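The values are calculated or read from the model by the stated rules, or taken from the named source; none is laboratory data. In this text, all values refer to a predicted model and were calculated from it rather than measured experimentally. So basically every Cβ, Gly included, is an ideal-geometry build from the backbone, and we count neighbours across all protein chains shown.
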Amino acid sequence: MARHLVVSAIALCVLSACASPAQWTPGPIVTESATTVATTPSASPTSSGTAATPTAPAVPDATGATDVSSYDFSDFASPSGRIWCGLRSDLALCHFPYGMKGKVPSSNTVCPGEGLDVTGVSVHAQGKAEYFCSGDPEAFPQTSSESVAWWKPAGYPSVKYNGFTLAVLPYGKKIANGSYVCISEKVGVTCGNTQTGRGFRVALAGVTFIG
């Protein structure tokens, strides 16, 4: 599945005019041999001094979401510019933010022999959320890209990050394409498939898988 995703992603990148931006690099990769590693944010202490149980992420519902089903590609960045994500009719994905603290599997585990880096996570109709490898960004939300055509009529802001001007999905806002929904929040970007209940959250703290 990972090899198929890499090939499909590169094709999507070419179609959405996001091939090989010179300044793009994936976040620092800290690897280990485990096949799947999910990082959950640390619990916050309560006023009594005891640790509060962190709220587990869930697949966002489509209520109040901007419908982007008329677009083949719908890419966006978090308000910080660090997280780049993309929504398709059959796929949702996000790249790791630069400086992410969570560990991820090695490329030898995710895409052996491909010579690529593990750069993000995705969820698709064929299975659960999983890591993927890529050489170019699979979501490239530069404001001049065709992949952010959904953003232009929405009136949402942009952000400058790493030499690019990026289309932003503001905190608290969602976009949806069919059964795939993404929401931008201060705790990270959460995406998932409302039919399967599977998805992920990407944040500086790491990746949390849903379902």
Inset, instruction - Among what's in region 66-79 and is under 13 Å from Pro170 (Cβ atoms) and outside any strand (DSSP E or B), pick the residue that is farthest from the chain's Cα centre (by Cα). - result: Pro79
Inset, instruction - Considering each residue of region 133-174, count those that are in contact (Cβ under 8 Å) with a residue 12 or more places away in the chain, of a type in the set (Gly, Ala, Ser) and at positive phi, and give that number. - result: 2
Inset, instruction - Quick one: in region 115-162, of everything that is out of contact with any Leu (no Cβ under 8 Å at 6 or more places or on another chain), surrounded by fewer than 19 Cβ atoms within 10 Å (Cβ to Cβ) and of a type in the set (S, T, N, Q), which residue is modelled with the highest pLDDT? - result: Ser144
